[in-house]
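Here is the structure we will look at, set down as structure tokens.
We did not get these values from a lab; they are worked out from the coordinates using the rules stated. As the structure is a computational prediction, the values presented were derived from the model and not from experiment. Using ideal geometry, Cβ is built from the backbone for each residue, glycine included, and neighbour counts are taken over all protein chains shown.
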Amino acid sequence: MRKLRKNHVFLSSGTSIAEICKPLQYLHTHMFTYMKNYHDGTQVYLSSDSNWVEDYFELKLYNSSYFEGIPSEYASGFKWWPGASDLPVYLHARDYYDSDCGITLCQQEKDGCEFFFFSSGIDNKAKMETYLNNLDLLENFALFFKESAGTILQKCNNSRVKRQGSNVVIVNDAYAVNRRAFLQCIGASHSAVEKFLKQFEKLTRRERECFNHIMTNANTQDTADKLGISVRTAETHISRILSKLQCSSKNELIIKLYTTAENYQKPT
């Protein structure tokens, strides 16, 4: 791929992206990158450090990335970075940007897949514990980022580049979880309960907190105030909860929960 022009929005927006990323300092995260790969073969790529963006394309670091495959190959959720990888993209990040082991949030969208990359420095020995215990905060930041960078993302949408792909083999099913077998082993054999539990487990910790407030008949404003988030973010959480639990309204969700609870019978 040719070098990006200096005035390309991927590079020129670096200072603005860095400003948006300031809250990440509280999670000991000093580098953040956003990427979206579209089904049509195009891509958007932004970072809190525009020098990284320039290197990523000029040095063809995308050739060694685990996240440059076909968008549909990635399941929504978190993925750890390989801790001792000798792939060029990881070596370059460690050697020149003090970007050590990190985590990526993948989110499937209708038109492609979004990736939110978070990384800390080599000296931070507790980075994995920090991320593991604050996954909900990373998800909240992803929402915050998309809201705050809305104008930039729109410009990027009009200036997408061709996705180059990667030479790295992607393996997603090596440790696939048999959820049905697990639920049956712990006694959740009733089909209705099993189905509901499977849907409920898709909720993030933050969504579960929001769910708890919904069950007290709290309105959106009260939920936002109690969780310390904006009304818009609360509405997004509620919308995702309803979608994941396959309900069209909060009333339907409440009825569904009580009906499931009444029908629950532990196996004898």
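For the pair residue 246 and residue 162, what calculated FRET efficiency results from E = 1/(1 + (r/R0)^6), where r is the Cβ-Cβ distance and R0 = 51 Å, to the nearest 0.05?
0.85
What FRET efficiency comes out for residue 5 versus residue 110 if R0 is 25 angstrom and r is the Cβ-Cβ distance? Round to the nearest 0.05. Can you show the working numbers first?
On the way: r = 30 Å, r/R0 = 1.19.
Efficiency at R0 = 25 Å is approximately 0.25.
Please state the shape class of region 85-171: rounded when a/c is under 1.5, otherwise prolate if a/b exceeds b/c and oblate if not, all from the C-alpha gyration tensor.
Values: a/c = 1.81, a/b = 1.24, b/c = 1.46.
The shape class here is oblate.
Given 0.36 nm per residue, what is the gain on full extension from residue 132 to residue 96 after removing their alpha carbon distance, in nm?
Details: separation 36, 0.36 × 36 = 12.96 nm, distance 2.54 nm.
The span from residue 132 to residue 96 would gain 10.4 nm if fully extended.
Arranged from highest to lowest average of other beta-carbon atoms within 10 Å per residue, in what order do the peptides 88-96, 3-11 appear? Before the final figure, lay out the partial values.
Working: 88-96: 17.0, 3-11: 15.2.
In descending order of packing, they fall as 88-96, 3-11.
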